[in-house]
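Note sheet for the following structure.
Where a number appears in this text, it was derived from the coordinates with a stated rule and is not lab data. From a predicted model like this one, the values you see are computed outputs, not experimental measurements. No Cβ is skipped: glycine too gets one built from the backbone with ideal geometry, and neighbour counts run over all protein chains shown.
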Amino acid sequence: MTKIFGHRGAAGTYPENTMPSFKAAIDFGADGIELDVHLSKDGVPVVIHDETVDRTTNGNGFVKDLTFSQLKTLDACCRFPEYTGIAGIPSLEEVLSWSGTSNFLVNIELKNDRIQYENLEEKVIQQIFTHNMQNRVILSSFNHDSLMRCRSISTELETAALISERLFEPWNYAKTLSASGIHPIHYAADQQVIFQSQANGIQVRPFTVNDDTTMRMLFRSECAGFFTDYPEKALLLKKEII
Ligand code: G3P
Ligand code: MG
């Protein structure tokens with residue numbers, strides 16, 4: 001059964017990577033959420049997409065140059081007039097504390113493809129185990145060295161390679177990383193890639209799928225899952241198909 005992951009929560013209708021967005025995705029009925037993690041200046045894993053706070057908050061500067069307490073003063077909802085002031089940048093700890101009480105899936109994307117954060121992998125993995133979420137988390141990254149590092153820290157956790165272009169036999173590439181999945185950009189995930197990968201034991205979850213036609217194709221192909229900004233729409237289409 002194709003799993004629906006709310007991308008950055010329910011980013012189509014809520015401020016991305018905030019607690020209201022994650023809660024909305026789960027309330028809509030998503031099977032899981034996706035979130036992005038960076039490290040603050042003082043080494044706290046925080047949930048935000050960009051390397052800087054400029055686009056999504058009322059602050060400016062690099063996440064790596066701001067302490068956790070400085071980051072916590074920012075409004076992460078200011079781009080949505082109806083939600084202004086209701087939530088800040090969550091820590092990973094905050095999201096996992098909330099997730100730990102339920103049973104949905106969590107895809108933690110390590111955002112270390114441009115900036116190398118010291119011990120990001122160790123810190124994130126430690127929090128996953130602290131919250132006993134090792135069976136419900138998928139670690140992904142565009143930084144495939146980092147995925148190898150995750151694998152060397154824990155053989156228990158599921159990892160998936162984010163892929164932004166078409167690769168030759170991506171299922172074989174995933175095996176070289178000891179990854180259990182690939183998360184390709186949506187146009188690099190056709191039915192052949194889905195079928196061949198999954199026949200080789202590699203789960204496919206494309207991002208970011210917001211149109212009805214691609215959603216229907218993925219449900220019909222029994223793709224393992226996909227990431228969408230509109231989990232409510234995906235749920236309606238899923239019900240229509242099954
Ligand atoms: O993890 C899927 C997707 O989130 C990857 O791209 O840029 O939205 O983090 P991006
Ligand atoms: Mg992401």
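Criterion applied to 101, 56, 52, 84 was being surrounded by 19 or more Cβ atoms within 10 Å (Cβ to Cβ) and among the hydroxyl-bearing types (Ser, Thr, Tyr), and the one residue passing it is 56. Of all residues in the range 199-242, those satisfying the criterion of being part of a helix (DSSP H, G or I), surrounded by fewer than 22 Cβ atoms within 10 Å (Cβ to Cβ) and under 20 Å from the mean Cα position of the chain (by Cα) are 214, 219, 232, 233, 235.
Just wondering, is there one or more residues in the range 155-168 that are part of a helix (DSSP H, G or I), out of contact with any Pro (no Cβ under 7 Å at 6 or more places or on another chain) and more than 16 Å from ligand 2 (Cβ to nearest atom)?
No, there is no match, as no residue in the range 155-168 is part of a helix (DSSP H, G or I), out of contact with any Pro (no Cβ under 7 Å at 6 or more places or on another chain) and more than 16 Å from ligand 2 (Cβ to nearest atom).
Put simply, of 140, 146 the only residue that is assigned to a helix (DSSP H, G or I) and small (Gly, Ala, Ser) is 146. Residues that are closer than 22 Å to residue 227 by Cβ, touching a residue at least 60 places away in the same chain (Cβ under 8 Å) and within 16 Å of ligand 2 (Cβ to nearest atom) number at least 1 in the following helices (runs of 4 or more DSSP H) confined to the range 17-131: 19-28, 92-99, 120-130.
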